[in-house]
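K.L.:
The structure is given below, and queries will be raised subsequently.
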Amino acid sequence: MKPDCIIVGGGVIGYSTALELARAGMKTLLIEREQAGQESSWAGGGILYPLLPWNYSAEVTCLTQCSIGLFPAWAGALQSATGIDPELQRSGMLVLPEFSAESAQAWCNKHSTRLELTSSFRIVPELAADQDALWLPDVAQARNPRLLKVLRRQLELLGVQINEQTKATGWQCDEALVTGVQTNHGTMSANHYIVTSGAWSRQLLGEYALNLEIRPIRGQMLLFKTRPGTLRTIILKNGIYLIPRLDGHILAGSTLEDVGFDKTTTEEAKSMLYAQATGILPLLKNAPLVQHWSGLRPGSPDNIPTIDRHPQLKNLYVNSGHFRYGVTMAPASAEIMANLILGRPQAIDISPYRWP
């Protein structure tokens with residue numbers, strides 16, 4: 001039986017979109033060129049907040065705030081249905097200099113967000129030095145691999161078919177409609193087609209990408225292992241963050257490298273991240289460094305994703321370009337896409353996320 005919808009791309013955005021459609025009763029097939037959930041959705045840190053949100057546009061703020069509001073109930077329902085804990089936790093975030101306290105306070109006042117100017121030692125006594133810091137107590141995180149695991153399990157329970165090692169190679173079109181997506185396993189047909197392929201979205205769309213501006217931006221991360229409870233809050237300093245997990249792992253990231261589709265890890269980035277991380281939190285010098293990896297983010301102008309129907313092909317859609325905040329924006333982005341397909345009203349103004 002032909003599915004109602006084919007989703008091309010098995011990261012957090014593809015999973016979340018499939019979830020919304022399946023919950024609405026649509027028969028959905030998700031295809032992934034390699035193994036689902038193993039690209040940037042897995043590689044990121046899972047901070048459910050823009051880094052220094054006062055430095056971002058209103059369009060990013062609107063989507064992230066909407067999605068953050070959905071996250072607790074969304075993640076809670078997933079955990080209840082599957083029994084898998086995505087480790088959603090309110091860690092808070094400590095921002096170390098340099099920062100604009102005035103800009104931060106103005107933004108937080110406008111968006112009803114708690115903020116405190118405090119001593120860094122009061123929040124994290126183990127820091128290298130005491131200094132004025134910004135404390136955002138309500139910032140949360142999810143553990144990316146576990147969130148992907150819980151999403152996949154929920155999709156399986158809802159009957160969503162996931163075909164891995166299925167690479168989309170082109171499109172069959174008849175005037176204003178897509179009639180099939182060509183893959184290494186033959187042509188597959190549905191009523192609707194959604195591209196959620198992250199950094200590969202423009203490449204996949206080919207001539208149908210039009211003015212869509214999405215390109216890969218490499219990010220490299222380190223993982224340390226400490227005792228549980230060694231660090232309890234996220235720390236951000238000059239673009240470098242430390243993210244504590246419940247089991248004692250601490251992530252250190254991340255780079256922003258415009259190097260095309262190159263996922264190679266480099267000794268230069270490893271040395272830089274190690275120096276920055278141990279400079280912020282000296283106890284990491286005695287912690288085992290257990291992993292170094294990279295991922296390719298779907299870079300987009302001003303970090304604004306495209307969530308829209310194709311301007312010319314009535315049954316082709318894209319939900320991509322979330323850059324650094326795919327996990328953060330996932331629930332709201334999936335809801336927007338499902339509303340577009342199902343003709344439901346939108347909770348926010350979606351015009352900023354139109355196909356350029």
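The values are calculated or read from the model by the stated rules, or taken from the named source; none is laboratory data. Keep in mind the model is a prediction, meaning the values are calculated, not measured. Don't worry about glycine lacking a Cβ; one is built from the backbone with ideal geometry, like all the others, and counts go over all protein chains shown.
K.L.:
Can you say whether Thr255 is modelled with pLDDT of 95 or more, under 17 Å from the mean Cα position of the chain (by Cα) and not in a strand (DSSP E or B), as far as the supplied structure shows?
P.N.:
Values: modelled with pLDDT of 95 or more: yes; under 17 Å from the mean Cα position of the chain (by Cα): yes; not in a strand (DSSP E or B): yes.
Against the criterion (modelled with pLDDT of 95 or more, under 17 Å from the mean Cα position of the chain (by Cα) and not in a strand (DSSP E or B)), Thr255 qualifies.
K.L.:
List pairs: first in the range 139-154 and part of a helix (DSSP H, G or I), second surrounded by fewer than 23 Cβ atoms within 10 Å (Cβ to Cβ) and modelled with pLDDT under 95, Cβ under 6 Å, 6+ apart or cross-chain?
P.N.:
Note: pairs meeting the criteria are Asn144/Trp42; Pro145/Trp42; Leu148/Gly37.
K.L.:
When the range 116-138 is examined, which residues are found to be without any contact (Cβ under 8 Å) to a residue 40 or more places away in the chain and either closer than 15 Å to Thr233 by Cβ or not small (Gly, Ala, Ser) (or both)? Quick ask: steps written out before the conclusion?
P.N.:
Going residue by residue through the range 116-138, those that are without any contact (Cβ under 8 Å) to a residue 40 or more places away in the chain are 116-122, 125, 129-133.
Scanning the range 116-138 gives Glu116, Leu117, Thr118, Ser119, Ser120, Phe121, Arg122, Pro125, Asp130, Gln131, Asp132, Ala133.
K.L.:
Here are the criteria: (1) assigned to a helix (DSSP H, G or I); (2) within 28 Å of Ala22 (Cα to Cα); (3) of a type in the set (Lys, Arg). Tell me which single one Arg324 does not satisfy.
P.N.:
(1)
K.L.:
Given (1) surrounded by 16 or more Cβ atoms within 10 Å (Cβ to Cβ); (2) not in a strand (DSSP E or B), identify the lone condition not met by Ala133.
P.N.:
So Ala133 meets the others, but not (2).
K.L.:
Given the structure, is Arg227 part of a loop (DSSP other than H, G, I, E, B), out of contact with any strand residue (DSSP E or B) (no Cβ under 8 Å at 6 or more places or on another chain) and under 26 Å from Glu126 (Cα atoms)?
P.N.:
yes
K.L.:
From the list Thr278, Thr328, which residue is under 12 Å from the mean Cα position of the chain (by Cα) and more than 25 Å from Val178 (Cα to Cα)?
P.N.:
Thr328
K.L.:
Something else about it: I'd like to check something: does the range 293-306 contain any residue that is in contact (Cβ under 8 Å) with a residue 40 or more places away in the chain, within 30 Å of Gly14 (Cα to Cα) and over 18 Å from the mean Cα position of the chain (by Cα)? Write out each step before concluding.
P.N.:
The initial filter retains those residues of the range 293-306 that are in contact (Cβ under 8 Å) with a residue 40 or more places away in the chain, namely 293-306.
When the remaining residues are screened for being within 30 Å of Gly14 (Cα to Cα), the result is 293-306.
Checking the rest, the ones that are also over 18 Å from the mean Cα position of the chain (by Cα) come to none.
Within the range 293-306, none of the residues are in contact (Cβ under 8 Å) with a residue 40 or more places away in the chain, within 30 Å of Gly14 (Cα to Cα) and over 18 Å from the mean Cα position of the chain (by Cα).
K.L.:
Follow-up question, since we're still on this one. I need a count of the residues in the range 48-90 that are assigned to a helix (DSSP H, G or I) and not polar (S, T, N, Q).
P.N.:
Matching residues across the range 48-90 total 20.
K.L.:
So is Thr28 of a type in the set (Val, Ile, Thr), in contact with a Cys (Cβ under 7 Å, 6 or more places away or on another chain) and either within 30 Å of Gln105 (Cβ to Cβ) or crowded, with 19+ Cβ neighbours inside 10 Å (or both) or not?
P.N.:
yes
K.L.:
Taking the options Glu268, Glu257, name whichever one is more than 17 Å from Gly46 (Cα to Cα) and exposed (fewer than 14 other Cβ atoms within 10 Å of the Cβ).
P.N.:
Glu268
K.L.:
Among the residues of the range 189-196, are any within 23 Å of the chain's Cα centre (by Cα), under 30 Å from Leu242 (Cα atoms), crowded, with 17+ Cβ neighbours inside 10 Å and in contact (Cβ under 8 Å) with a residue 40 or more places away in the chain? Outline the logic, then answer.
P.N.:
From the range 189-196, those within 23 Å of the chain's Cα centre (by Cα) are 193-196; that's our starting set.
Now drop any that are not under 30 Å from Leu242 (Cα atoms), which leaves 196.
From the residues that got through so far, the ones that are crowded, with 17+ Cβ neighbours inside 10 Å too are 196.
Subsequent filtering for residues that are in contact (Cβ under 8 Å) with a residue 40 or more places away in the chain retains 196.
Yes: the range 189-196 contains one or more residues that are within 23 Å of the chain's Cα centre (by Cα), under 30 Å from Leu242 (Cα atoms), crowded, with 17+ Cβ neighbours inside 10 Å and in contact (Cβ under 8 Å) with a residue 40 or more places away in the chain.
K.L.:
Consider only pairs whose beta carbons are under 6 Å apart and that are at least six residues apart or on different chains; among these, list those whose first residue lies in the range 103-115 and is loosely packed, with under 12 Cβ neighbours inside 10 Å and whose second residue is modelled with pLDDT of 95 or more.
P.N.:
Arg114/Pro137; Arg114/Asp138
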